[in-house]
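A short worksheet on the structure shown next.
The values are calculated or read from the model by the stated rules, or taken from the named source; none is laboratory data. Keep in mind that what you see is a predicted model, and the values were worked out from it rather than measured. For neighbour counting, all protein chains shown are included, and Cβ atoms are generated from backbone atoms with ideal geometry for every residue, glycine included.
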Amino acid sequence: MEFKIFIIRREVNTYKLLRQWVPLKFCTDIVELVIQPQEKDVMIWNAALDGCFTTKSAYNLIRKQRNSSMVLRTIWSDWIPLKLVVLGWKLIDGFLPLDSVVQRHGISLASMLFWCGDGAHIFVEGSIAKQVWSYFAARLGIPFLCHSFFRSLLMQWILSAPKGSGDHLRCGLPMIIAWFIWHAWNEAKFDGIPLKSDTIIFSVNKFLHALGVACEFPKGRLVGDVDFFLAAFFRIKPSITREIISVAWKPPPPGCFKLSTDTSLVKGKASAGGLVRDHLGRMVFAFL
């Protein structure tokens, strides 16, 4: 007897017979199965709720998942240029091509600056970095603490922002500061330009001013920091009020005709059309 016929018939001694061929822990599950002989067998993908296979669900089975990070969620803000966000992400996860990171992969480097190999020293612990961070922390009323990692410094700034303000100035400013520290460090290493905290501070302020002029700082991003020394230069994006205007076609006087036209421009292609109607609204002719 075929196995499927055996299961469908559900003989009285089905359970006993199953135990002869199937491990005991599976017998109960098999007996309780509801089988519809008239329906065709369908393959079920258990990794998806709807039972359908997708590449995404297969990838989720094999990839190593980790808990969601509030720091990583916060830095991906739409008002911060993407290159600055990517720099912060690489710095947090240790992917930035620092001398110390490159050397861990077996490549020996001779640093031109005595401090340039360590990321924590460049961005957080170094004297230049401390001067920059203490300057902006004082301007925003954030206590200046000595950190050993960029992640912990970033967490302090994020937690200082009002709750629910993931795109607040305090959440994005560390990415901007880190970018200009990185830029100045590379200029000092490869171009021989002296590394100065005043230069980095000036570059950050200039960048913030440009964002403010571009109306990238609505009121929500400055909650609690309206007295920030650059806030006076920020242009708050004006609210747009839309007025609904009723438009209706008015017939011409008797014995006259009215020409109505319209044009459109879509993806560089222009088109036009129109029609002529009499005083009763009847179309005389149209063109396109």
Please indicate, with yes or no, whether at least one residue in the stretch 162-172 is charged (D, E, K, R), under 23 Å from Asp93 (Cα atoms) and not in a helix (DSSP H, G or I).
yes
Filter the stretch 124-161 down to residues that are of a type in the set (Gly, Ala, Ser) and not in a helix (DSSP H, G or I), then give me how many there are.
4
Of the residues in the stretch 205-214, those that are assigned to a helix (DSSP H, G or I), of a type outside the set (Lys, Arg) and surrounded by fewer than 13 Cβ atoms within 10 Å (Cβ to Cβ) come to Ala210, Val213
Within the set of pairs 6 or more residues apart or between chains, which connect a residue that is of a type outside the set (Val, Ile, Thr) inside the stretch 79-94 to a residue that is not in a helix (DSSP H, G or I) with Cβ atoms less than 6 Å apart?
Trp79/Glu216; Lys90/Leu96
Considering only the stretch 31-42, I want to know if a residue exists there that is modelled with pLDDT under 75, of a type outside the set (Phe, Trp, Tyr) and in a helix (DSSP H, G or I).
yes
Which of the residues spanning the stretch 186-204 are of a type in the set (Val, Ile, Thr) and not in a helix (DSSP H, G or I)?
Ile193
Considering only residues of the stretch 185-204 that are under 22 Å from Trp89 (Cα atoms) and free of Cβ contacts under 8 Å to residues at least 40 places away in the same chain, which is surrounded by the most Cβ atoms within 10 Å (Cβ to Cβ)?
Ser203
Checking His105 against (1) under 18 Å from Leu208 (Cα atoms); (2) out of contact with any Cys (no Cβ under 9 Å at 6 or more places or on another chain): exactly one of these is not met. Which one?
(1)
Only one of Ile236, Ile177 that is under 20 Å from Gly88 (Cβ atoms) and either modelled with pLDDT under 85 or in contact with a helix residue (DSSP H, G or I) (Cβ under 6 Å, 6 or more places away or on another chain) (or both)
Ile177
Inside the stretch 162-183, can you point out the residues that are free of Cβ contacts under 8 Å to residues at least 40 places away in the same chain and small (Gly, Ala, Ser)?
Gly164
